[in-house]
Amino acid sequence: MPIHEKNLVDKDRLLVKEEAKLDGLDVSGQWSTFIEQRILGDYSTDVLDAVASTPAGKTIVNCWQCGTCTAGCCMHTDFGLREFNPRYFIYLAQKGAEDELKKYAPVIWRCVTCNKCVERCPKGVRVEEVVHSIEGYMRSKGWMGDTPASRWDEAFVKNTLQTGVLDELALTRSYVSREKLAEFNNRFMLRMALKLVRTGRIRTGPLRHRVKGWEKVRDVAKEILEGGGEG
Amino acid sequence: MSSPRILVVGGGPAGLSAAWDLAEAGANVVLVEEEGFLGGTPKKLHYSLIAPDLKPVQEVLDPLVRRVEQSGVEVMLNSEVASFKGSGDGFHVEVRRKGGSLESHVFDSVIAATGFAHWDPHKKYEYGYGVYPDVLDFKDFERMLSEDNLRRPSNGETPKRIAWLLCVGSRDKQVGKFYCCRMGCVVSIKQAMEVRQKHPEIDTYVYYMDIRTYGFWEDKVYWRSMEEFNVKFVRGRIGSINRGEDGRLVAMAEDTILQRPTEVPFDMLVLATGMEASRGTVEFAKLAGLELEEHGFIKPLQSDSLPVHTTVEGIFVAGTATGPKAIPDSVSEGSAAAMKALNFARRKAVAERQQTR
C-alpha cells in the first residue's frame with residue numbers, strides 16, 4: 001500500500017528509492033517509499049565502556065536520568081537549543097544507541113562549560129566532562145570533525161602552555177583570525193582590548209603575569225595531555 | 001503465678017524473634033513449624049546474600065535459630081496447627097505432627113508468624129515462565145546464586161547477559177495484586193550486584209517502572225549497583241518474552257526514555273515475583289477466625305497504631321503475615337508481638353487470680 005501522511009513519519013526513517021523492482025517487476029512510483037523500522041534490536045556497552053574508561057567520562061555510570069542537568073542547561077533552556085540535552089546524550093551513550101547518538105553530532109559540541117549541571121547533579125555525575133567525553137567518542141568514530149569549540153580548546157591549551165598564564169588578547173586575536181569571525185573586526189577588537197586593559201581585567205604584553213619555574217610544570221602538563229588526560 | 005503459656009506459629013524471622021524474646025521473659029513457649037527446620041522462607045528457598053550488606057543468609061538467620069534452640073523454647077518441627085478454639089480459660093490448640101499424632105495444648109496467648117509466599121509467575125503467561133527454561137523467578141535464581149551455579153537451564157552455558165523484570169505479580173490489576181511487594185527492587189538489584197561481583201563479564205539490565213529502594217537501600221544497594229557494578233537500568237515494563245532464532249530470549253519492551261520499541265536479546269530473565277500471604281497464613285487465619293484485609297493478608301486491629309494486634313483478642317501477628325516486609329522489620333515485629341502476647345497473658349492471669357479470691 002502506498003504510504004499516506006508521510007508527515008507523520010520521522011523524516012530520517014523515510015526511505016525513497018529511485019526505482020523499486022519486485023521479482024523483476026517495476027513497482028516504482030508510489031511503491032518506492034519505505035519506512036525504516038523504529039525497533040531497537042539491541043543494547044550495547046561499546047559507547048559506555050569507551051566513555052567510562054576516560055578520566056572525564058568515568059562518572060557516566062552514576063547517571064539515573066533525573067534531568068536536573070538539562071533543566072538548568074543554558075544551551076537547552078536560555079539559548080533554546082532543544083536538541084542539546086545532556087541527560088539524553090548520556091542515556092544514548094549508556095545504552096549504546098549509536099544510530100540515535102550520531103544525529104547529535106551537529107549540536108553536542110555546543111556546551112559553553114557553565115558547569116551548572118556539575119554543580120547541581122544529585123548523583124555526582126560530572127556532566128560537562130561526560131558530555132565532552134561522549135563528543136570525543138563521536139569524533140573518534142568519525143561522526144564529527146573538529147568544531148569551533150574544539151579549535152578554541154586547542155588554541156586555549158596552546159596559549160596557556162606558553163607561560164602558564166593565559167594571554168587573552170593573543171588567544172582572541174589568533175582564534176578570531178583563524179575562524180574569520182566578521183563581527184570581531186579590528187575596530188571592535190581594539191575598543192574591547194583598551195577597555196579590558198583600562199579596567200585591569202587583562203594584562204598583556206610586558207605587563208603579563210608569568211608563572212615562576214613554569215617549564216617544569218609545563219612538561220608535566222604536556223605529559224598528562226599526551227596521555228589522554230590521566231593525571 | 002505459673003509462667004504464661006504462649007504459642008508461636010511459624011519459625012521464620014518473625015516467629016524466631018518472638019519465641020526468643022518470650023523465652024527470655026520467662027514464658028513457656030511452643031514454636032510450631034511446618035518444615036523440618038527453622039529459618040522460614042529465606043532458608044526454605046535457599047536465599048543467597050541478604051541486602052543491604054550482602055551477608056549470606058546463614059549469617060543473618062543462624063544466630064536467631066541458635067538463640068531459640070538454646071533458650072528453652074519447645075520447638076515442634078514438621079508440625080501444624082490442626083484445630084484451634086478460643087474459650088474463657090485460653091486457646092485450645094491441637095498440633096499435628098507429620099505422620100499423624102495429635103497433641104493438645106492450652107495457651108494463654110498466640111502469635112501468628114505464618115509468613116508469605118512468592119507469587120506464582122505461571123499466571124503471567126506472556127513472560128513464558130514454565131515455557132522457556134531460561135525464564136526464572138526469584139526463588140529459582142536465589143537458589144542458583146546460593147549454589148554458585150549460574151548457568152542457563154536451557155543449555156548449561158554461562159549467560160552473557162541477564163535481565164530482571166520488576167513487579168511481576170505486584171502493582172498489577174490484571175492479576176489482582178494492587179500492592180507493591182517492597183522487596184522486588186532491592187532483591188533484583190542485589191542479585192544483579194551479586195552476579196557482577198562474581199562474574200564481571202556478565203552484563204545486567206533491570207527493567208523497572210519505579211525503583212523503590214527506600215531508606216538506606218538507596219545508596220547501599222541502588223546507587224552502589226550503578227556506580228560500582230555498572231548494573232544498567234531500563235525504564236519500561238517488558239510486554240512479552242519471545243524466543244529468538246539463536247535460542248536466546250527476546251524482551252519486547254518500550255524504552256520509555258528513548259521512546260522506542262525494543263527487542264533486546266538476553267540469555268536469562270529473572271522475574272521479580274511479588275509477595276502474597278502464604279497458604280499457612282490463610283489457613284491459620286481461617287482456623288483462628290482472624291479477619292483478612294483487602295490484599296489477603298491478616299488484618300491488624302489498627303494498621304497504624306496497633307499493627308501486631310489481630311481482630312481476635314489474645315492473638316497477635318508478626319512479620320509478613322500482615323504484608324510484605326524485610327527481615328529486620330519482621331524481627332522487630334516479632335519482638336513487638338512478644339511483648340503484647342506476654343502482657344495479655346499476664347493480665348489474664350491477674351484477672352483469674354482476682355476472681356478466685
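The values are calculated or read from the model by the stated rules, or taken from the named source; none is laboratory data. These numbers were taken from a predicted model, which means no experiment stands behind them. Glycine gets a Cβ as well: all are built from the backbone with ideal geometry, and neighbour counts include every protein chain shown. Accessible surface areas use protein heavy atoms only, side chains included; no ligands, DNA or RNA. Shrake-Rupley method; radii C 1.70, N 1.55, O 1.52, S 1.80 Å.
Hey, can you tell me all the residues within region A:76-108 that are away from chain B (no Cβ under 11 Å), of a type in the set (F, W, Y) and surrounded by 17 or more Cβ atoms within 10 Å (Cβ to Cβ)? A:F84, A:F89, A:Y104, listed by residue number. When the test is whether a residue is open to solvent by less than 70 Å² (accessible area, probe 1.4 Å), under 27 Å from A:Y91 (Cβ atoms), at pLDDT 95 or above and of a type in the set (D, E, K, R), B:D203 passes it. Picking from residues in region A:12-45 that are of a type in the set (S, T, N, Q) and touching a residue at least 40 places away in the same chain (Cβ under 8 Å), the one that is surrounded by the most Cβ atoms within 10 Å (Cβ to Cβ) is A:T45. Return yes when A:T45 is within 23 Å of A:K141 (Cα to Cα) and among the polar types (S, T, N, Q) and no when it is not. Against the criterion (within 23 Å of A:K141 (Cα to Cα) and among the polar types (S, T, N, Q)), A:T45 qualifies.
Picking from residues in region B:73-103 that are part of a loop (DSSP other than H, G, I, E, B) and either aromatic (F, W, Y) or at pLDDT 95 or above (or both), the one that is least open to solvent (accessible area, probe 1.4 Å) is B:V73.
Within the set B:S188, B:S170, the sole residue that is crowded, with 20+ Cβ neighbours inside 10 Å and in a helix (DSSP H, G or I) turns out to be B:S188.
Residues to consider are A:G142, A:G124; find the one that is loosely packed, with under 14 Cβ neighbours inside 10 Å, away from chain B (no Cβ under 14 Å) and either modelled with pLDDT of 95 or more or under 25 Å from B:S225 (Cβ atoms) (or both).
Just a single option satisfies the conditions, and that option is A:G142.
Taking the criterion of being hydroxyl-bearing (S, T, Y), surrounded by fewer than 22 Cβ atoms within 10 Å (Cβ to Cβ), within 14 Å of chain A (Cβ to nearest Cβ) and closer than 28 Å to A:T59 by Cβ, would at least one residue in region B:247-256 satisfy it?
yes
So which of B:A14, B:A117 is among the aliphatic types (A, V, I, L, M), assigned to a strand (DSSP E or B) and within 20 Å of the chain's Cα centre (by Cα)? The unique qualifying residue is B:A117.
Of the listed requirements (1) within 11 Å of another protein chain (Cβ to nearest Cβ); (2) aliphatic (A, V, I, L, M); (3) in contact (Cβ under 8 Å) with a residue 40 or more places away in the chain, B:M226 misses just one: (3). With respect to B:M268, is the statement that it is open to solvent by less than 10 Å² (accessible area, probe 1.4 Å) and either in the same structural domain as B:V29 (by TED's automatic domain parsing) or more than 15 Å from the chain's Cα centre (by Cα) (or both) true? Taking the combined requirement at face value, the residue satisfies it. Report yes if some residue within region B:292-307 is touching a residue at least 60 places away in the same chain (Cβ under 8 Å), among the hydrophobic types (A, V, I, L, M, F, W, C), crowded, with 16+ Cβ neighbours inside 10 Å and in contact with a Phe, Trp or Tyr (Cβ under 6 Å, 6 or more places away or on another chain); otherwise report no. No, region B:292-307 has no match at all.
From the list A:C111, A:C73, pick out the single residue that is touching an Asp or Glu at 6+ places or on another chain (Cβ under 9 Å) and buried (at least 16 other Cβ atoms within 10 Å of the Cβ).
Numbers: A:C73 fails: touching an Asp or Glu at 6+ places or on another chain (Cβ under 9 Å).
Exactly one residue qualifies, and that residue is A:C111.
Every condition in (1) open to solvent by less than 20 Å² (accessible area, probe 1.4 Å); (2) in the same structural domain as A:P55 (by TED's automatic domain parsing); (3) not polar (S, T, N, Q) is met by A:V176 except one, and the failing one is (2).
The single condition among (1) part of a helix (DSSP H, G or I); (2) modelled with pLDDT under 95; (3) charged (D, E, K, R) that B:D21 does not meet is (2).
Report whether or not B:V9 is buried (at least 22 other Cβ atoms within 10 Å of the Cβ), within 30 Å of B:Y214 (Cβ to Cβ), at pLDDT 95 or above and within 17 Å of the chain's Cα centre (by Cα). Explain how you work it out, then say what you get.
Details: buried (at least 22 other Cβ atoms within 10 Å of the Cβ): yes; within 30 Å of B:Y214 (Cβ to Cβ): yes; at pLDDT 95 or above: yes; within 17 Å of the chain's Cα centre (by Cα): yes.
Considered against the rule, which asks whether it is buried (at least 22 other Cβ atoms within 10 Å of the Cβ), within 30 Å of B:Y214 (Cβ to Cβ), at pLDDT 95 or above and within 17 Å of the chain's Cα centre (by Cα), B:V9 comes out as yes.
Sort out which residues of region A:46-61 are open to solvent by 30 Å² or more (accessible area, probe 1.4 Å) and facing chain B (nearest Cβ under 8 Å), and write them in order of number. Across region A:46-61, the qualifying residue is only A:A52. Residue-level check: of (1) closer than 27 Å to B:D53 by Cβ; (2) not in a strand (DSSP E or B), B:Y207 misses just (2).
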